[in-house]
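The structure appears right after this line, and notes come after that.
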Amino acid sequence: TDLFQSPDYFQIDDLLSEEHKWIRESVRQWVKKAVSPIIEDCCQRAVFHKEWFPQMGELGCLGPTIPQEYGGSGLDEIAYGLMMQELERGDSAVRSAASVQGSLVMFPIFTYGSEAQKRKYLPALAKGEIIGCFGLTEPDHGSNPAGMTTRLTDQGDYFILNGSKMWISNAPVADIAIVWAKDEQDQIRGVIVERGMEGFSTPETKGKWSLRASATGELVFDQVKIPKENLLPEARGLKAPLSCLSSARYGIAWGAVGAAMDCYDTALRYAKERKQFGKPIAGFQLIQKKLAEMITEITKAQLLNWRLGTLKNAHKATPAQISMAKRNACEIAARIARDARQILGAMGITGEYPVMRHLMNLESVITYEGTHEIHLLITGEDITGINAFV
Ligand code: FAD
């Protein structure tokens, strides 16, 4: 109980069901037991701990909103959000792994896949027996995925896939990849690429200072023969991958708040114990300003996320609302991590405390799934009706 106190300044727990609280507690306990003791070592050595996958599967964190019929947990959006919050209190890499598997791999198969694809992949993905990744970003097309050049050509009995994807989470450990490519009519389609297909490789991206416990890599396709049954039949156009991102971004909004909570908890406890000039540093106004602003921002972000979750449950959340919540959570989390780092003084730069690790991780979280700038421009377009980013 000394770890992970949940800041709840506005009695937001009253808005949660008993089931929500129970789910949050079970994920929190798992993070304490399975993630916290080894995460620092995983980050220092830059290794992804694959064993987390089946354990997250058992907890129901992989595809929480996918119906039970397909191996998912059949839970609501608030439960999904709380799971992501608790995972990211542990580390953004753990939450990223679950986000990719649930929102970027299971969601498109569930939403755009054939019945046979759903039966074949979803239960194994939900259990964490197989790992998936999502290939949208290319070396020359990040914020502008519509410009992608990865190509899918129809050869009659099969397709041929050529091109490459970059910055792909889980790629080096993935058994399958959901890959977005243009067909001969320049329409974006999605295919399921399996490890072992000839001409398909996943070189690892090394030397990251952020998300070090997450495996990131490229997806390279050199004349890869894709069976026709691996095409996602219902996915056409950029709106298909964007709908997956909407689901993942929603989880990120909750997750980043989890990282912020861990930084706040750490800074508050440290400030009350650390004495300088004869008293705890928590007694100085400048430290209190930082702590008070942290809890204020965490509280606002919690309420925004909760409201977004209820809108999502009612199928009323818009992509622009999700952009705002994702951006806000990243903004406040990064600021809180930085302030927490300063409150800890020199100790703040060490791996004794989780703060510097969160701070570095959040640099990726701010950039992936739509950058901070792009999400701001999405809000701008939504309120003015004028697109400023093309
Ligand atoms: P760019 O698009 O080149 O942007 C560079 C800068 O220019 C940014 O600040 C951006 O905001 C700004 N900019 C661009 N266009 C505009 C504009 N119109 N107006 C104002 N500013 C603009 N992708 C996947 O497909 N799958 C994954 O699993 C995945 N995992 C990732 C994991 C990590 C650790 C990281 C770092 C990235 C991952 N990504 C993944 C890629 C990520 O989604 C992209 O990095 C992101 O979309 C931005 O693209 P980019 O890096 O090419 O930046």
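The values are calculated or read from the model by the stated rules, or taken from the named source; none is laboratory data. Bear in mind that the values here come from a model prediction, so they are computed numbers and not experimental data. Cβ placement follows ideal geometry from the backbone for every residue including glycine, while neighbour counts extend to all protein chains displayed. Note: accessible area is taken over every heavy atom of the protein model, side chains too, but ligands, DNA and RNA are not part of it. Shrake-Rupley method; radii C 1.70, N 1.55, O 1.52, S 1.80 Å.
Numerical summary
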read-out	value
Within the accessible area of region 216-330 (1.4 Å probe), percent carbon and sulfur	56 percent
Exposure rank, largest accessible area first [L16, L268, L376; 1.4 Å]	L376, L268, L16
Value in Å of the Kirkwood radius, where region 307-390 supplies the Cα pairs that are averaged	14.4 Å
Gain upon complete extension [E18, A146; 0.36 nm per residue less C-alpha separation]	41.8 nm
Two-decimal Rg to Rh for the chain - Kirkwood Rh, Cα set	0.98
Region 103-166 shape via C-alpha gyration tensor axes, a/c threshold 1.5	oblate
Cα-based convex hull, region 192-347, per residue volume (Å³, whole number)	144 Å³
Computed [θ] at 222 nm, helices only, for the chain once each DSSP H run of length n ≥ 4 contributes -39500 (n - 2.57)	-16000 deg cm²/dmol
Under 15 Å, Cβ to Cβ, from A46 - net charge with Lys/Arg +1 and Asp/Glu -1	+2
E352-K225 pseudo-label distance in nm [points 7 Å out on the Cα-to-Cβ vector]	6.0 nm
Entries of K32/K272; K300/K326; K239/K316; K21/K290 with Cα pairs more than 19 Å apart	K32/K272; K21/K290
Choice from I322, I378, I178 showing the highest fluctuation, given a GNM over the chain with Cα pairs closer than 10 Å	I378
Per residue, in Å², the accessible surface of region 14-137 once ligands and nucleic acids are set aside, probe 1.4 Å	36 Å²
Dipole magnitude of the chain about its Cα centre (Cβ charges: Lys, Arg +1; Asp, Glu -1), debye to nearest 20	960 debye
Calculated diffusion of region 88-225, Stokes-Einstein form, Kirkwood radius summed over Cα pairs, 37 °C and 0.692 mPa s, µm²/s	214 µm²/s
